[in-house]
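The block underneath contains the structure these notes are about, expressed in structure tokens.
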Amino acid sequence: IRSPTESLLTTGREFHVEDIGEFFHISGYSGGAWCCTEDHFLSKKAPYEIVFEEHSYGDDSVLWRHFDSDIYKEIRIEDTNFIQWYGCTTCSALPVIYLEYSSDSFKLDKELMYSEVSEKIKNIPESIEFHGTGLNWKDHDIPTEFVEIIAQLAISGREDEARKFYDDIFPDLPKKELFWQEFKEKLARSKYWELEVWESTDICDWFDPNC
């Protein structure tokens with residue numbers, strides 16, 4: 001795919017192109033045993049550039065639609081930052097990220113993220129039993145859903161609430177400060193951590209050894 005001045009995207013595989021109104025959505029499989037779906041949003045007017053791109057786990061593509069009651073559309077993304085962090089690929093945490101498109105830019109929609117994760121927390125029963133396989137940290141089982149919740153809280157700007165949720169769920173976890181420190185270090189590697197406005201299309205994903 002080329003603009004009038006440069007090559008924007010080169011692939012030896014078949015990609016699907018869809019007109020989604022504001023952009024062309026270019027998506028396809030990047031190759032490998034299970035990884036990954038590539039998504040690229042291409043502008044429809046000069047300077048004809050890729051304004052957003054993401055690699056998603058498996059065949060899960062990003063979603064582009066209205067997710068709340070305002071007039072702006074959002075991209076729903078499953079952040080792959082925690083893939084294979086203290087666990088297998090299929091049991092990895094995939095925190096949900098929302099970027100709102102307004103004023104010709106993508107911005108982290110912290111309120112939408114917080115609203116969604118708050119509903120998740122409300123639906124957790126008082127006698128908490130997380131289902132499915134989770135992480136194995138220092139021979140302790142850490143549920144995948146738990147990591148997703150504290151990551152979404154922290155990225156949405158509610159780190160104090162994330163820590164309180166962590167303390168409430170695991171009051172007696174040995175070396176709990178060490179886990180929190182390692183979680184924060186991993187969280188800081190997410191391209192969405194402390195993001196305000198999307199300014200770069202550089203890909204730095206979990207499978208890149210240089211990241």
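Every number here is computed from the coordinates shown, using simple stated rules; none is lab data. Note that the coordinates shown come from a computational prediction; the quantities given were computed from them, not determined experimentally. As a convention, Cβ positions derive from the backbone with ideal geometry for all residues, glycine included, and neighbour counts pool all protein chains shown.
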Distribution of pairwise C-alpha distances over the range 65-108, 5 Å bins, in %: 5, 23, 21, 16, 11, 11, 9, 4
Charge context of H25, other residues only, Cβ under 9 angstrom, K/R +1, D/E -1: -3
Those lysines that a straight Cα-Cα span of less than 20 Å connects to K110, excepting residues fewer than 8 apart in one chain: K73, K120, K122, K164, K184, K186, K191
Per residue convex hull volume, Cα atoms of the range 36-81, in Å³: 91
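In the neighborhood of Y72, defined by Cβ-to-Cβ distances under 10 Å, what is the net charge if each Lys or Arg adds +1 and each Asp or Glu adds -1?
Here the count lands on -3.
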Values of log10 I(q)/I(0), in the order q = 0.12, 0.14, 0.23, 0.26 Å⁻¹, for the range 34-113 under a Debye, Cα-only, solvent-free model: -0.40, -0.53, -1.12, -1.27
Computed over the chain, Cα set: Rg, Dmax in Å: 18.3, 61
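So what is the relative contact order for the range 1-86, in percent, with contacts set as C-alpha pairs under 8 Å and at least six apart?
The value is 18 percent.
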Listed peptides 90-97, 112-119 by packing density, highest first (mean Cβ within 10 Å): 90-97, 112-119
FRET efficiency estimate (nearest 0.05) - Cβ-Cβ, V51 to D160, R0 35 angstrom: 0.55
Mean Cβ neighbour count within 10 Å, used as a protection proxy, ranking 154-163, 175-184 highest first: 154-163, 175-184
Qualifying aspartates and glutamates (Cα of each under 15 Å from Cα of K138; at least 8 residues distant if same chain): D172, E177, E182
Computed over the chain: relative contact order in percent, which uses C-alpha pairs under 8 Å that are six or more apart: 14
Histogram of C-alpha separations across the range 1-81, 10 Å bin width, %: 17, 47, 30, 6, 0
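For n ≥ 4 DSSP H runs only, could you compute -39500 (n - 2.57) per run for the chain, divide by its residues and tell me the 222 nm figure to the nearest 500?
-7000 deg cm²/dmol
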